[in-house]
1. Filter segment 109-139 for residues that are of a type in the set (Val, Ile, Thr) and at pLDDT 80 or above; which is surrounded by the fewest Cβ atoms within 10 Å (Cβ to Cβ)?
2. Please enumerate the residues belonging to segment 44-79 that are assigned to a loop (DSSP other than H, G, I, E, B) and within 20 Å of Cys144 (Cβ to Cβ).
3. Of all residues in segment 36-53 being hydrophobic (A, V, I, L, M, F, W, C) and surrounded by 15 or more Cβ atoms within 10 Å (Cβ to Cβ), which is nearest to Glu72 (Cα to Cα)?
4. Contact list please: Cβ distance under 8 Å, first residue in segment 74-88 and more than 17 Å from Asn137 (Cβ to Cβ), second residue at pLDDT 75 or above and part of a loop (DSSP other than H, G, I, E, B), pairs at least six apart or on different chains.
5. Only residues in segment 127-150 that are on the phi > 0 side of the Ramachandran plot count as the first member; pair them with residues that are small (Gly, Ala, Ser) and part of a loop (DSSP other than H, G, I, E, B), Cβ under 9 angstrom, at least 6 apart or cross-chain, and list the lot.
6. Is at least one residue of segment 97-108 outside any loop (DSSP other than H, G, I, E, B), in contact with a helix residue (DSSP H, G or I) (Cβ under 8 Å, 6 or more places away or on another chain) and modelled with pLDDT under 90?
7. Say whether the condition of being of a type in the set (Phe, Trp, Tyr), in contact with a strand residue (DSSP E or B) (Cβ under 7 Å, 6 or more places away or on another chain), over 22 Å from Lys36 (Cα atoms) and modelled with pLDDT of 85 or more is met by at least one residue in segment 140-153.
8. Just one of (1) surrounded by fewer than 15 Cβ atoms within 10 Å (Cβ to Cβ); (2) part of a loop (DSSP other than H, G, I, E, B) trips up Phe93, so point out which.
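The values are calculated or read from the model by the stated rules, or taken from the named source; none is laboratory data. Since we're looking at a predicted model, the values are computed, not measured. Cβ: placed from backbone, ideal geometry, glycine included. Neighbour counts: every protein chain shown.
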Amino acid sequence: MKTRLLLLLVAAATLCGCDRLGHRLTYYTYINATDKTVVVTLYDQDFYTDDWKVEVNPDAKEVFRFVIAPGEQYTRILQPYPGMGKKSFSPPFKDIEEAHCITVSNGEKIVSHRSPDGLFYQYGGYIGFYEETKSTNKSVHLQCVFDDDFFNDLGLPVPVYD
């Protein structure tokens, strides 16, 4: 009897330890630490027509956008991503399925990537670019700071439209 009870407790503990969290929310807070307005825009296709980022794609349509005034912040709250584990978090823009490109602009410089999540992933991974500020069983809070270094290091001049 004791052996069965012990095995039952071990099995229950194992199952609880491997269980997926279906209720852990991900909070992404984007902070504008510049003196310019920051605009984050997601498009339905590549923003540029070529790999050299010279010519803007006139067919690219905006599917999502948020604007952050100087010194302000913007927060997105995402539901759990299917299959995420206890220590996981939802990718920043995976919920916007029609988005295939992202740009971040301060009016003078623009940073773009062909994958909305890829912009932040390629520069050190999500955790490398996002700072984890809080993590519980119910939520994880990540923040991203747009500062002058972000635009100076990664940005190109904003395209001039005719």
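1. Looking only at segment 109-139, we keep the residues that are of a type in the set (Val, Ile, Thr), and these are 110-111, 127, 133, 136.
Narrowing further to those that are at pLDDT 80 or above: 110-111, 133, 136.
Details: Ile110: 22, Val111: 19, Thr133: 11, Thr136: 9.
Only one residue fits best here, namely Thr136.
2. If we filter segment 44-79 for residues that are assigned to a loop (DSSP other than H, G, I, E, B), which is where we start, we get 44-47, 49-55, 57-61, 69-72, 79.
Passing the criteria: Phe47, Ala69, Pro70, Gly71, Glu72, Gln79.
3. Filtering segment 36-53 for residues hydrophobic (A, V, I, L, M, F, W, C) gives 38-40, 42, 47, 52.
Imposing the further condition that a residue be surrounded by 15 or more Cβ atoms within 10 Å (Cβ to Cβ) reduces the set to 38-40, 42, 47.
On the way: Val38: 10, Val39: 12, Val40: 14, Leu42: 20, Phe47: 26 Å.
Selected residue: Val38.
4. Every condition considered, the pairs that remain are Arg76/Pro92.
5. none
6. As a first pass, look at segment 97-108 and keep what is outside any loop (DSSP other than H, G, I, E, B): 101-105.
Checking the rest, the ones that are also in contact with a helix residue (DSSP H, G or I) (Cβ under 8 Å, 6 or more places away or on another chain) come to 102, 104.
Then keep just the ones that are modelled with pLDDT under 90; that gives none.
No.
7. Looking for residues that are of a type in the set (Phe, Trp, Tyr), in contact with a strand residue (DSSP E or B) (Cβ under 7 Å, 6 or more places away or on another chain), over 22 Å from Lys36 (Cα atoms) and modelled with pLDDT of 85 or more, one finds none in segment 140-153, hence no.
8. Here Phe93 clears every test but (1).
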